[in-house]
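What follows is calculated from the coordinates using simple rules that are stated; it is not laboratory data. Small disclaimer: the values here were computed from a predicted structure and weren't measured. When we count neighbours, we look across all protein chains shown, and the Cβ atoms used for this are built from the backbone with ideal geometry, even at glycine.
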Amino acid sequence: MKGFVISVDAVFGLIIAFALLMTSIAYFAESSFSSLDDVKLGLVSEDVLIVLEKSGKLEQAVKENQNKEIGKYLNKTSKNLCFELNVFDFDDSSIALSTATKKSCKKEGNYVISTKRSFFENEKIYWAELKSWYAVN
């Protein structure tokens with residue numbers, strides 16, 4: 001009789017484990033991983049801002065009041081990504097000092113990520129805001 005009870009317990013345990021396994025497989029099969037895409041977009045945006053700062057293009061945009069080099073860089077990025085960069089004076093952030101948008105990108109993205117980075121030019125603080133979204137085909 002003891003062996004029968006242990007066998008029944010083992011069978012019930014296997015049934016419960018199998019049911020939990022099937023439930024979790026069904027749940028993960030239905031869920032989407034779009035949040036991972038959003039994280040990737042945010043990381044790429046941070047990388048773009050870092051490259052623009054380290055290459056001196058952000059400082060050049062403030063110093064020479066032109067965004068041609070920033071526009072060239074944004075146009076070289078992946079075709080499925082869209083960017084709009086605005087540079088502001090830290091003390092007066094009501095008007096953008098410089099604006100650059102990637103060519104052939106419309107603001108039709110369903111999800112926009114805004115990434116910001118501050119930088120110095122001639123002992124003055126500025127900040128850049130990069131809006132990023134996936135291109136709509």
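Tabulated results
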read-out	value
Contour excess over end-to-end distance, with Cα ends at ILE50 and PHE28 and 0.36 nm allotted per residue	4.4 nm
Added length on full extension, which subtracts the Cα-Cα distance from 0.36 nm per residue, LEU97 to LYS40	17.7 nm
Approximate spin-label separation LYS76-LEU14, in nm, with each point projected 7 Å along Cα-to-Cβ	6.2 nm
Longest DSSP-loop-exposure-free segment, chymotrypsin sites (Phe, Trp or Tyr not before Pro), the chain, at most 16 other Cβ within 10 Å	34-89
Of the DSSP H helices in the chain, those whose Cα atoms cover at least 24 Å axially and whose Kyte score averages 0.5 or more	2-30, 34-54
Local electrostatic count, GLU53, Cβ distance below 10 Å [Lys/Arg +1, Asp/Glu -1]	+2
